[in-house]
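S.K.: The structure's right below; bear with me while I get my questions together.
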Amino acid sequence: MKKRLWLFGGFILIGTTGLILLSFGQTGKEARRSPINPEFQKYISERALFKTLAVTVDGHGLGEIPAPTEISPVRPIPPKSLEGALPSYYDLRSLSKLTPIKDQGNCGSCWSFATMGSLESYLMPAEFADYSEQHLIDTAGFYNGPCDGGNVNMSSAYLTRWGGPIFETDDPYIYAAAEFAELKAKKHVQNVIFLPPRVSSLDNDYHKTVVATFGAIFVSMNWVDSEWNDTYDSFYNNGITSPPGPHAVCIVGWDDNFPASQFNVTAPGNGAFIVRNSWGPSWGDSGYFYVSYYDTEFARRSYSGSFLAESANNYSGVFQYDPLGWVAQIGYGSPYESAWGANIFTAPVKSTISAVGFQVVSSNCSYEIYVYTGVAAGKPRSGSLKASTAGSETLPGFYTIPLPNTVSVAAAQKFSVVVKFTTPGYYFPVAVECKLSGYSEGATSAKGQSFVNYSGSIGTAWPDISADTTYKYNCRIKAYTAMPARIKLVDPAAGVKWIRGTTNTINWTVSGSMASTVKIQLYKGTAKVSDIVTVTDNDGTYDWPIPLSTGKGADYSIKITTTDGHYKGTSGQFSISGSTIKVTAPSRGTVWTKGTTQTITWTSAGPQSSLVRIQVLRSGILVKEIATNAENSGAFSWSIPTNVVAGTGYKIRIKTMDNLVKGDSGTFSLIK
């Protein structure tokens with residue numbers, strides 16, 4: 001094994017460039033850690049010489065650094081959906097899928113802006129959010145300082161441990177280290193798609209498909225000032241790796257016909273990615289630029305990333321040992337494409353496990369998941385098997401898989417999450433967090449937490465990787481607890497008035513796991529009036545045509561119950577009234593003059609006749625029929641006769657021709 005001596009500011013670190021044989025294994029099988037990414041080795045070596053992150057000639061910060069994880073050479077199987085499905089031009093800017101351009105200043109924080117740019121784009125246009133880049137660079141938890149760079153792995157670790165995102169207003173960007181408060185994540189990132197590096201200039205289908213499906217994606221490039229074309233806002237690097245250096249940006253679209261001649265050096269062919277930068281809206285094409293498909297560095301040296309967010313109410317908690325995420329991977333070497341990883345957790349309180357999350361390290365991975373309760377220490381596949389499922393993922397990344405059934409775990413009980421990974425053509429299937437000098441030095445582990453196994457043996461002790469006191473390994477496997485199941489009525493809200501004969505929408509929210517269908521009932525006081533519907537989808541909305549036969553009242557409520565009877569929710573009390581006519585003019589105190597023409601106005605609510613009778617009364621006694629069979633349109637011009645007696649106490653009454661609905665104005669006066 002080759003070793004290299006790295007000097008950091010007065011103390012010595014020992015790094016390895018080849019495989020590390022681990023001190024745990026099974027008979028005839030020795031687990032080993034994959035080689036470290038050579039690009040990361042180069043970065044560490046240069047940093048040891050006190051080289052700092054470069055800035056561009058005009059002072060813009062860069063900041064993408066290589067991840068230590070080996071990049072699997074396995075190519076993803078092209079899905080059939082890609083064939084002929086991609087347009088020649090696509091631009092998220094025209095689809096309301098991008099937040100405003102930001103400016104990182106001279107800080108090496110581009111990776112944070114690329115991360116939030118991807119996450120924010122995924123949510124749009126349905127939801128606009130501005131998330132804090134500062135919070136990510138301050139709380140990522142790695143060796144680097146806030147302006148010393150980062151990568152997609154670091155962002156994934158922060159987001160999948162629910163360290164963020166938080167709103168920009170809660171931790172605004174200040175270009176430097178800042179004090180930060182413990183803030184709850186506004187979204188839960190449960191899935192991060194890792195796209196393997198492009199292997200050729202036209203190997204773009206997966207990047208394009210993910211952009212079109214989910215939004216902007218985090219991607220790395222190598223910025224060289226001399227390759228920037230200010231006339232066409234274009235960039236084409238044909239193999240230059242000299243400083244300034246790596247930079248993280250977002251792909252937001254493409255143009256297959258972008259002219260090859262519109263770069264500083266004519267590219268071998270047409271085509272460019274549309275790219276979002278973080279150097280402010282006054283740079284480039286309002287903050288965007290175009291990178292040739294033939295750029296030999298763009299998305300070619302590291303994984304690209306797409307960050308997918310969910311509601312922060314999707315799960316109530318997460319069991320995890322890997323706050324620093326994917327740092328390395330473990331396997332048994334060629335020809336062994338399968339390996340098992342497991343974590344044993346102890347539930348502090350009674351918990352319900354509903355999903356499992358893990359890192360996929362290579363394309364075309366298949367997995368098997370097993371959850372056991374009542375496990376013995378050091379034996380992940382002991383106790384009782386409570387849930388299992390299997391599947392596959394075409395692309396690397398972090399994925400959350402809902403279990404086919406929830407698993408109840410008693411307080412203080414041990415349970416295990418066991419995953420078999422099979423990665424065809426790749427021999428280090430199990431992702432781990434571990435301590436790596438100059439990168440993930442904050443990694444911790446404790447005996448009895450994480451395990452690997454060659455065969456997935458049942459009922460026996462597995463090699464305990466978390467007992468390693470040097471590298472402090474833990475499997476990148478998480479377990480998620482279900483939200484307490486609840487139905488919450490939103491509409492009708494307490495005090496609302498609905499009108500019989502109209503259609504109103506009953507709205508509710510659901511948390512936790514429950515039946516997919518419900519029944520909806522109407523109550524008056526404590527007595528059931530009727531079944532509104534006996535079976536409907538538990539999807540949060542139902543349009544209810546209120547029957548005309550429904551009695552008037554102010555103490556109605558809606559009750560929603562799952563069809564299995566396990567969960568229910570009840571609205572606040574609301575009222576149901578009949579159709580109404582409200583006369584708005586003349587209003588109380590109005591004075592009208594005899595012989596003039598005035599407009600009588602009214603509003604109608606609920607089903608009613610299209611024709612009305614309009615009358616004038618004084619002290620409750622009919623004075624005159626103003627109109628019969630008038631249109632129930634809300635307005636009528638009345639020419640006030642001169643022979644009407646002047647005085648006070650007049651009212652206008654409007655009632656439907658069937659006499660079912662009527663309304664009176666306030667009292668008004670007539671004068672000469």
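S.K.: So in segment 122-161, with the set limited to residues that are among the charged types (D, E, K, R) and touching a residue at least 24 places away in the same chain (Cβ under 8 Å), which one is surrounded by the most Cβ atoms within 10 Å (Cβ to Cβ)?
M.R.: If we filter segment 122-161 for residues that are among the charged types (D, E, K, R), which is where we start, we get 127, 130, 133, 138, 148, 161.
After this cut, where a residue has to be touching a residue at least 24 places away in the same chain (Cβ under 8 Å) as well, the list is 130, 133, 138, 148, 161.
Values: Asp130: 15, Glu133: 28, Asp138: 19, Asp148: 17, Arg161: 18.
Only one residue fits best here, namely Glu133.
S.K.: In the list Ser587, Ser604, which residue meets the criterion of being open to solvent by 40 Å² or more (accessible area, probe 1.4 Å), modelled with pLDDT of 95 or more and over 38 Å from the mean Cα position of the chain (by Cα)?
M.R.: It is Ser587.
S.K.: Shifting gears a bit: Take the conditions over 18 Å from Val327 (Cα atoms) and crowded, with 19+ Cβ neighbours inside 10 Å and apply them to Gly164. Does it pass?
M.R.: yes
S.K.: Just to be sure, is Tyr294 crowded, with 22+ Cβ neighbours inside 10 Å, among the aromatic types (Phe, Trp, Tyr) and in contact with a helix residue (DSSP H, G or I) (Cβ under 8 Å, 6 or more places away or on another chain)?
M.R.: Details: crowded, with 22+ Cβ neighbours inside 10 Å: yes; among the aromatic types (Phe, Trp, Tyr): yes; in contact with a helix residue (DSSP H, G or I) (Cβ under 8 Å, 6 or more places away or on another chain): no.
When the stated conditions are applied, Tyr294 does not pass them.
S.K.: Condition test on Ser242, is it out of contact with any strand residue (DSSP E or B) (no Cβ under 6 Å at 6 or more places or on another chain), more than 23 Å from Asn153 (Cα to Cα) and at pLDDT below 95?
M.R.: On the way: out of contact with any strand residue (DSSP E or B) (no Cβ under 6 Å at 6 or more places or on another chain): yes; more than 23 Å from Asn153 (Cα to Cα): yes; at pLDDT below 95: yes.
It is true that Ser242 is out of contact with any strand residue (DSSP E or B) (no Cβ under 6 Å at 6 or more places or on another chain), more than 23 Å from Asn153 (Cα to Cα) and at pLDDT below 95.
S.K.: At least 1 residues that are closer than 29 Å to Gly501 by Cα in each: list the strands (runs of 3 or more DSSP E) lying fully within segment 586-672 that qualify.
M.R.: Per the criteria, 597-605, 611-618, 621-631, 635-639, 647-656, 662-664.
S.K.: Would you mention how many residues in segment 211-227 are among the aromatic types (Phe, Trp, Tyr) and buried (at least 20 other Cβ atoms within 10 Å of the Cβ)?
M.R.: Matching residues across segment 211-227 total 2.
S.K.: Got at least one residue in segment 430-442 being of a type in the set (A, V, I, L, M, F, W, C), surrounded by 14 or more Cβ atoms within 10 Å (Cβ to Cβ) and more than 32 Å from the chain's Cα centre (by Cα)?
M.R.: no
S.K.: Another question, if that's okay. Given the options Leu82, Leu7, Leu62, Leu22, name the one that is at pLDDT below 65, open to solvent by less than 60 Å² (accessible area, probe 1.4 Å) and either more than 24 Å from Asn453 (Cβ to Cβ) or aromatic (Phe, Trp, Tyr) (or both).
M.R.: Just a single option satisfies the conditions, and that option is Leu82.
S.K.: Filter segment 636-654 for residues that are in contact (Cβ under 8 Å) with a residue 40 or more places away in the chain and of a type in the set (Gly, Ala, Ser) and give the result.
M.R.: Ser637, Ser639, Ala646
S.K.: Scan segment 48-58 and give yes if some residue there is loosely packed, with under 15 Cβ neighbours inside 10 Å, in a loop (DSSP other than H, G, I, E, B) and modelled with pLDDT of 85 or more, otherwise no.
M.R.: Checked segment 48-58: at least one residue is loosely packed, with under 15 Cβ neighbours inside 10 Å, in a loop (DSSP other than H, G, I, E, B) and modelled with pLDDT of 85 or more.
S.K.: Is at least one residue of segment 511-519 out of contact with any helix residue (DSSP H, G or I) (no Cβ under 7 Å at 6 or more places or on another chain), modelled with pLDDT under 90, not in a loop (DSSP other than H, G, I, E, B) and not charged (D, E, K, R)?
M.R.: yes
S.K.: Of the numbered conditions (1) in contact with a helix residue (DSSP H, G or I) (Cβ under 6 Å, 6 or more places away or on another chain); (2) without any contact (Cβ under 8 Å) to a residue 60 or more places away in the chain, Gly305 satisfies every one except a single condition; which is it?
M.R.: Among (1) in contact with a helix residue (DSSP H, G or I) (Cβ under 6 Å, 6 or more places away or on another chain); (2) without any contact (Cβ under 8 Å) to a residue 60 or more places away in the chain, the lone unmet condition for Gly305 is (2).
S.K.: Being part of a loop (DSSP other than H, G, I, E, B) and of a type in the set (D, E, K, R) is the filter; apply it to segment 415-464 and report the residue that is modelled with the lowest pLDDT.
M.R.: Glu441
S.K.: Scan segment 482-503 for residues that are under 20 Å from Val535 (Cβ atoms), open to solvent by less than 70 Å² (accessible area, probe 1.4 Å) and either in contact with a helix residue (DSSP H, G or I) (Cβ under 7 Å, 6 or more places away or on another chain) or of a type in the set (S, T, N, Q) (or both) and report the count.
M.R.: Selection size over segment 482-503: 0.
S.K.: I'd like the full set of residues that are open to solvent by 20 Å² or more (accessible area, probe 1.4 Å) and under 21 Å from Lys97 (Cβ atoms), limited to segment 277-287.
M.R.: Step one: of segment 277-287, the residues open to solvent by 20 Å² or more (accessible area, probe 1.4 Å) are 281-286.
Matches in segment 277-287: Pro281, Trp283, Gly284, Asp285, Ser286.
S.K.: For the condition crowded, with 24+ Cβ neighbours inside 10 Å, within 31 Å of the chain's Cα centre (by Cα) and not acidic (Asp, Glu), what is the one hit in Ser392, Ser408, Ser416? Lay out the reasoning, then the answer.
M.R.: Numbers: Ser392 fails: crowded, with 24+ Cβ neighbours inside 10 Å; Ser408 fails: crowded, with 24+ Cβ neighbours inside 10 Å.
After ruling out the rest, the residue left standing is Ser416.
S.K.: A further question on this structure: Before we move on, is Ile44 among the β-branched types (Val, Ile, Thr), closer than 22 Å to Arg300 by Cβ, at pLDDT 90 or above and open to solvent by less than 80 Å² (accessible area, probe 1.4 Å)? Break it down into steps so the answer makes sense when it comes.
M.R.: Numbers: among the β-branched types (Val, Ile, Thr): yes; closer than 22 Å to Arg300 by Cβ: yes; at pLDDT 90 or above: no; open to solvent by less than 80 Å² (accessible area, probe 1.4 Å): yes.
So Ile44 does not fit the description; no.
S.K.: Now for a different question. Run Ser633 past the list (1) loosely packed, with under 13 Cβ neighbours inside 10 Å; (2) over 57 Å from the mean Cα position of the chain (by Cα) and report the number of the one that doesn't hold.
M.R.: (2)
S.K.: Follow-up question, since we're still on this one. Confirm whether Gly383 is out of contact with any Asp or Glu (no Cβ under 6 Å at 6 or more places or on another chain), at positive phi and free of Cβ contacts under 8 Å to residues at least 40 places away in the same chain.
M.R.: Working: out of contact with any Asp or Glu (no Cβ under 6 Å at 6 or more places or on another chain): yes; at positive phi: yes; free of Cβ contacts under 8 Å to residues at least 40 places away in the same chain: yes.
So Gly383 passes the test.
S.K.: Being under 16 Å from Ala355 (Cβ atoms) and touching a Phe, Trp or Tyr at 6+ places or on another chain (Cβ under 7 Å): is that true of Val419 here? Give the derivation first.
M.R.: Values: under 16 Å from Ala355 (Cβ atoms): yes; touching a Phe, Trp or Tyr at 6+ places or on another chain (Cβ under 7 Å): yes.
Yes, satisfied.
S.K.: Next up: Is it the case, given these coordinates, that Ala248 is of a type in the set (Gly, Ala, Ser) and either within 15 Å of Tyr293 (Cα to Cα) or touching a Ser or Thr at 6+ places or on another chain (Cβ under 6 Å) (or both)?
M.R.: Yes; evaluated as a whole, the condition is true for this residue.
S.K.: Can you find even one residue in segment 268-282 that is assigned to a strand (DSSP E or B) and either over 16 Å from Leu92 (Cβ atoms) or of a type in the set (D, E, K, R) (or both)?
M.R.: yes
S.K.: Can you pull out every residue in segment 320-353 that is closer than 16 Å to Ala410 by Cβ, part of a strand (DSSP E or B) and open to solvent by less than 30 Å² (accessible area, probe 1.4 Å)?
M.R.: Selection gives Ile344, Phe345, Ser351, Ile353.
S.K.: I need the full set of residues from segment 638-672 which are among the small types (Gly, Ala, Ser) and surrounded by 16 or more Cβ atoms within 10 Å (Cβ to Cβ), in order please. Even if it seems obvious, please write down each step before you answer.
M.R.: In the first step, residues of segment 638-672 are kept if they are among the small types (Gly, Ala, Ser); the result is 639, 646-647, 649, 663, 665-666, 669.
Listed by number, the residues that qualify are Gly663, Ser665.
S.K.: All but one of (1) open to solvent by less than 30 Å² (accessible area, probe 1.4 Å); (2) among the small types (Gly, Ala, Ser); (3) within 19 Å of Ser304 (Cβ to Cβ); (4) within 26 Å of the chain's Cα centre (by Cα) hold for Ala185, so report the exception by its number.
M.R.: Single failed check for Ala185: (3).
S.K.: Filter segment 556-584 down to the residues that are open to solvent by 20 Å² or more (accessible area, probe 1.4 Å) and touching a Ser or Thr at 6+ places or on another chain (Cβ under 8 Å) and list them by number.
M.R.: Those that are open to solvent by 20 Å² or more (accessible area, probe 1.4 Å) and touching a Ser or Thr at 6+ places or on another chain (Cβ under 8 Å): Lys559, Thr563, Tyr567, Lys568, Thr570, Gly572, Gln573, Ser579, Thr580, Lys582, Thr584.
S.K.: Answer yes or no as to whether Ala299 is under 29 Å from the mean Cα position of the chain (by Cα), buried (at least 21 other Cβ atoms within 10 Å of the Cβ) and in a strand (DSSP E or B).
M.R.: Numbers: under 29 Å from the mean Cα position of the chain (by Cα): yes; buried (at least 21 other Cβ atoms within 10 Å of the Cβ): yes; in a strand (DSSP E or B): no.
Taking the combined requirement at face value, the residue does not satisfy it.
The values are calculated or read from the model by the stated rules, or taken from the named source; none is laboratory data. These numbers come from a predicted model, not from an experiment. In this analysis, Cβ positions are derived from the backbone assuming ideal geometry, glycine residues included, and neighbour counts consider all displayed protein chains. We work out accessible area using only protein heavy atoms, side chains counted, and drop any ligands, DNA or RNA first. Shrake-Rupley method; radii C 1.70, N 1.55, O 1.52, S 1.80 Å.
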